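Q: Right, I'll just put the structure down here and ask away after.
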Amino acid sequence: MADPTELMLADLLQKYADMKVSNAFLRLYESDIRFGRAFASIHERLNEHFESINDRAETTGHYWAEQSREMLALIKEVNNFLQSLRHADVEVHLAESYIAAMKSCQSWLVRSGGSAVPNDFEQIEIIKYAPVLSRPDTEIKLKKSRKLNRLQLVGEGSYAKVFSFIDPDYGIKFAVKRANKELGERDLYRFRQEFDILKRLSFPYIVEVFQYDENRNEYKMEFCESTLRNYIKKRNNRLQFSSRKRIALQFLYGVNYIHSEGLLHRDVSLQNVLVKTFNGGAVLVKLSDFGLARDRNSEYTRTKTEMRGTIRDPVLASFKEYDVCNEIYAIGWVLSYIFSGKEALMSQADAPSQIVRKCTAHDVANRYQSVLELIGDVEKLEATPTPTDAPA
């Protein structure tokens with residue numbers, strides 16, 4: 001048997017389904033799929049009347065007869081609408097200023113001959129860019145502090161600067177990556193493309209981005225305390241093998257994920273791998289800096305012929321020909337640093353050195369043919385955990 005309350009709500013909302021509502025108001029309620037259109041319609045029509053009444057109060061002091069009847073009908077509609085929702089246990093709030101304005105208008109509006117606007121009429125404050133109808137059960141109140149956040153410079157490169165700040169709503173540190181002002185059109189395109197690529201990726205070992213500012217050419221992203229280079233450099237003498245292995249695997253899982261998404265990073269380096277640290281010594285590795293990433297599914301495939309990227313494969317003749325085997329070479333250098341703490345390729349006879357040599361073999365046919373294959377060998381490495389081994 002159909003729920004009577006649901007039937008009532010369906011009939012109530014059907015009235016607004018075919019009403020013409022401008023996008024300027026629909027956008028204010030787009031997060032409320034069920035009631036958004038009804039809220040937008042009521043908001044828009046209230047604004048139209050309030051603006052007209054404000055204007056007539058300053059000019060003729062008289063509100064037209066037809067519009068007076070329409071406004072009275074709208075006030076009744078809004079009150080009935082809110083009452084029906086309350087009966088259905090749907091809590092809806094109308095802005096207090098709009099409730100007061102409706103009551104004020106109802107006291108002097110008449111149905112025939114037009115309405116005289118009172119001499120003591122106070123202009124109604126029109127709300128255009130924020131919702132006036134809301135459902136508390138579907139919302140959360142944020143501070144939205146007007147205080148300007150001071151940015152702290154934490155990194156700088158040839159294409160962008162990275163700042164950090166504390167968000168007042170969340171009390172969490174975020175990062176802002178801002179394109180340098182002198183960037184040309186091509187590099188600015190790549191900066192925006194970097195954000196678009198990161199925005200569609202979702203994986204624990206990929207840095208998360210949140211919001212792009214078109215005016216400033218910057219975007220917000222999660223804050224990571226260190227680069228991989230600095231993290232290991234500061235702890236190299238006390239970093240246990242088992243922790244190094246976990247860091248290596250997180251790094252490889254991240255690269256394997258982007259490869260599975262049809263991407264090549266093309267700038268894998270110690271600076272472009274970030275580390276997010278937690279209390280107790282746990283860490284998360286995060287791949288970042290996708291400015292040179294190539295999306296195999298993208299139509300924008302033009303690339304300058306000069307070699308780019310921090311770690312360059314000596315057998316790569318043209319950056320246009322960059323492929324997985326060349327990414328494997330750069331991965332080998334990063335793995336070498338993770339396991340040894342030295343910025344030189346490992347050359348011992350141990351298992352990690354053998355993996356690094358296979359990654360960086362001069363003959364690409366002798367290299368790992370996929371990151372997944374490489375992961376298999378790293379997972380087989382024997383760890384030597386100790387009681388003092390910090391988790392990673």
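Q: I want to make sure I understand the PRE zone here: with the label point 7 angstrom from the Cα of Y189 toward its beta carbon, which residues in the range 259-283 have backbone N atoms less than 20 Å away?
A: Under 20 Å, as judged by backbone N against the label point of Y189, lie 263-267 of the range 259-283.
Q: Want the number for N180 to F210: 0.36 nm per residue separation, take away the alpha-carbon distance, what's left?
A: Details: separation 30, 0.36 × 30 = 10.80 nm, distance 1.95 nm.
The N180-F210 span can extend by a further 8.9 nm.
Q: Can you tally the net charge around D313? Count Lys and Arg as +1, Asp and Glu as -1, for every other residue whose Cβ sits under 11 Å from the Cβ of D313.
A: Taking every Cβ under 11 Å from that of D313, the sum is 0.
Q: Which of the pairs K181/K276; K173/K199; K177/K342; K128/K173 have their Cα atoms more than 26 Å apart in this structure?
A: Pairs exceeding the cut-off: K181/K276; K177/K342; K128/K173.
Q: Then there is this: Dividing the Cα radius of gyration by the Kirkwood radius, what Rg/Rh value follows for the range 152-222?
A: A ratio of 0.97.
Q: Using only Cα atoms, what Kirkwood radius does the range 226-380 have, in angstroms?
A: Final number for the Kirkwood radius of the range 226-380 is 15.9 Å.
Q: Related question: Give the residue list of trypsin sites (Lys or Arg not before Pro) in the range 1-54 that are DSSP loop and have at most 15 other beta-carbon atoms within 10 angstrom.
A: Sites meeting the loop and neighbour criteria: K20, R34.
Q: Over all alpha-carbon pairs of the range 18-57, lay out the pair-distance distribution in 5 Å bins, whole %, shortest bin first.
A: Result, from short to long distances: 5, 26, 27, 18, 12, 8, 3, 1 percent.
Q: Give me the Å³ per residue figure for the convex hull around the C-alpha atoms of the chain.
A: Spread over its residues, the Cα hull of the chain gives 234 Å³ apiece.
Q: Stick to Cα atoms and the Kirkwood definition of Rh, then tell me Rg/Rh for the range 4-138. Don't jump to the answer; show the numbers that get you there.
A: Working: Rg = 15.5 Å, Rh = 15.7 Å.
Ratio of gyration radius to Kirkwood radius: 0.98.
Every number in this text was worked out from the coordinates using simple rules, so none of it is lab data. Small disclaimer: the values here were computed from a predicted structure and weren't measured. Counting neighbours? That spans all protein chains shown, and the Cβs are built from the backbone with ideal geometry, glycine included.
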